[in-house]
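The values are calculated or read from the model by the stated rules, or taken from the named source; none is laboratory data. The structure displayed is predicted, hence computed values, not measured ones. FYI the Cβ positions are ideal-geometry reconstructions off the backbone, even for glycines, and counts take in every protein chain you see. In case anyone asks, the SASA skips ligands and DNA or RNA and just uses the protein heavy atoms, side chains included. Shrake-Rupley method; radii C 1.70, N 1.55, O 1.52, S 1.80 Å.
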Amino acid sequence: MRKYWIVWKKSLKSETIYRAAALSGILSAALSFLIQVFLWKSLLGTGIRQDASFSDMLLYVLINSFMLELTRTNVASIIENAMIDGTISMELLRPISYKGYMLAQTLGKNSYGALTATLPVLLLSLFFLSGASPPDLPHALLFILSALLGVLLMFEVTYLAGLLAFWLQRCWFISFYLRGFRTIFGGTTVPIWFYPSLLKALSYCLPFRYMTFEPINLFLMKTPLTEAWVPLLAASLWLAGLCFLDRIVWRAATRRLTVNGG
């Protein structure tokens, strides 16, 4: 674990070097938050949906911004580039699990992004929040557990997509489709509460809703404690299945490793 902790710290520290990029990310996050706030204020003000208050949507946007930063990953692109330039052969020689190394590196970058992008949004939200209450302790603890499962789920899906580069050499288009599926079935733009019945039913059959939407549902206490085990169990089963699948794919991939760079 000490090796992974070192990788996490170095990855986090490396992000602090690019201060201009961090500043632009802060401004972008603040602007995006304000746009969504005024958009939802306008939509909910029409009385189209009475089952979702403006405070609920404000908290949804706030926690969604945090979760999007925590689950952001470009593992597939990293593996693809390593295959193209040949550095994958050196990566496999490290005295550390390649998957564990990629996970620790991703978590380090995402931790920095979540802190820098969420803090200004949190400060802005203080001007709009009224009547919103934080979750009770059981829901808060379940939110943390669900958020952790969501982070690991997103990593697993992207990592599996990246492993396909061992066969395809290029896998950027797979990442493109994954982002699209996550946007539609993960509720990252429009909450699944507002979806038609068909899309809601389809979202239950895919892992994307458990990455951000279900943790936010727990934070907003829209999922009763008696039913909280359902999304947690579903996320755990998806994670276990993807971990089993990536072990099979990894073994097959390392047997037929072809490096373009050498």
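When the residues of region 39-48 are filtered to those that are under 14 Å from residue 193 (Cβ atoms) and surrounded by 13 or more Cβ atoms within 10 Å (Cβ to Cβ), the one that is modelled with the highest pLDDT is 40.
Restricted to region 223-239, and to residues there that are free of Cβ contacts under 8 Å to residues at least 12 places away in the same chain and open to solvent by 60 Å² or more (accessible area, probe 1.4 Å), the residue that is nearest to residue 80 (Cα to Cα) is 237.
Table: residues versus (1) over 15 Å from the mean Cα position of the chain (by Cα); (2) over 23 Å from residue 139 (Cα atoms); (3) modelled with pLDDT of 90 or more.
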{"residue": "186", "(1), (2), (3)": "no, no, no"}
{"residue": "197", "(1), (2), (3)": "yes, yes, no"}
{"residue": "205", "(1), (2), (3)": "yes, yes, no"}
{"residue": "211", "(1), (2), (3)": "no, no, yes"}
{"residue": "218", "(1), (2), (3)": "yes, no, yes"}
{"residue": "233", "(1), (2), (3)": "yes, no, yes"}
{"residue": "237", "(1), (2), (3)": "yes, no, yes"}
{"residue": "242", "(1), (2), (3)": "yes, yes, yes"}
{"residue": "249", "(1), (2), (3)": "yes, yes, no"}
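Between 177, 159, 112, the distinction of being open to solvent by 30 Å² or more (accessible area, probe 1.4 Å), aromatic (Phe, Trp, Tyr), in a helix (DSSP H, G or I) and farther than 26 Å from residue 33 by Cβ belongs to 177 only. In region 183-201, of all residues being hydrophobic (A, V, I, L, M, F, W, C) and within 20 Å of residue 156 (Cβ to Cβ), the one that is most open to solvent (accessible area, probe 1.4 Å) corresponds to 184. Look at (1) open to solvent by 50 Å² or more (accessible area, probe 1.4 Å); (2) among the aliphatic types (A, V, I, L, M); (3) within 26 Å of residue 98 (Cα to Cα) and you find that residue 249 fails only one, number (1).
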